Amino acid sequence: MKNSLMTMSNKILLRKRSIIETVNDELKNICQIEHSRHRSFANFLSNIVAGLIAYSFLPKKPSIKYQTVNSNQLIFY
């Protein structure tokens, strides 16, 4: 990536990229969400919803502990 000014929330999510990629991998391979040849939009949506429901029933799911703290400090860029 190019060096650029990023917000703190983007920096935190960039550090957590491996967890995000793990979730995407589980959705594609275990819950079988990735299927590109649907004959109708309703079949596509039902496949996505069924995959997300199956993912919600998995016993161990990776998670990101993320909190935002609002402060009254001034920030100068």
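Among [x] 84; [y] 259; [z] 169, only one was calculated for this model; which label is it, if the read-out is volume of the Cα convex hull per residue in Å³?
Among [x] 84; [y] 259; [z] 169, the one calculated here is [z].
Can you list residues whose amide H is under 5 Å from residue 16's amide H, if they're 5+ apart or on another chain and H is modeled 1.01 Å from N?
Close amide H contacts, sequence-distant or interchain: none at all.
Expected output is a single nm value to one decimal: the length gained when fully extending between residue 49 and residue 8, i.e. 0.36 nm times separation in residues minus the C-alpha distance. What is it?
Using 0.36 nm per residue and subtracting the Cα-Cα distance, I get 11.6 nm.
Take 28, 65, 11 and order them by how many other Cβ atoms sit within 10 Å, fewest up front.
Lowest to highest Cβ neighbour count: 65, 11, 28.
Helix-only estimate, please: 222 nm mean residue ellipticity of the chain, summing -39500 (n - 2.57) across DSSP H runs of length 4 or more and dividing by its residues, to the nearest 500.
Counting only the DSSP helices, I get -15000 deg cm²/dmol.
Counting Lys and Arg as +1 and Asp and Glu as -1, each charge on the Cβ, what is the dipole of the chain about the Cα centre in debye, to the nearest 20?
Working: 11 positive and 4 negative charges, 31 e Å.
That gives a dipole near 140 debye.
Rounded to the nearest 10 degrees, what's the angle between the helix 41-56 long axis and the longest principal axis of the chain, both from Cα atoms, 0 to 90?
Here the helix axis deviates by roughly 70 degrees.
Normalising by the residue count of the chain, find the relative contact order in percent from Cα pairs under 8 Å and 6+ residues apart. Walk me through the intermediate numbers first.
On the way: 22 pairs, mean separation 25.1, N = 77.
It rounds to 33 percent for the chain.
Tally Lys/Arg at +1 and Asp/Glu at -1 over every other residue whose Cβ is under 14 Å from the Cβ of residue 28; what's the total? Spell out each step's value before the answer.
Details: positive: none; negative: 21, 25, 26, 34.
Residues close to residue 28 contribute a combined charge of -4.
Using only Cα atoms, find the angle between the long axis of helix 17-29 and the longest principal axis of the chain, and express it within 0 to 90 degrees, rounded to the nearest 10.
With both axes taken from Cα atoms, the answer is about 10 degrees.
Just to be sure I follow the rule: in the chain, considering lysines 8 or more places apart or on different chains, how many pairs have Cα atoms under 22 Å apart?
Summing the qualifying lysine pairs gives 9.
Under a crude label model (7 Å from the Cα following the beta-carbon direction), how far is residue 28 from residue 65 in nanometres?
That separation, rounded to one decimal, is 2.9 nm.
Just so you know, all these numbers are worked out from the coordinates, no wet-lab data involved. Source: prediction; values computed, not measured. Don't worry about glycine lacking a Cβ; one is built from the backbone with ideal geometry, like all the others, and counts go over all protein chains shown.
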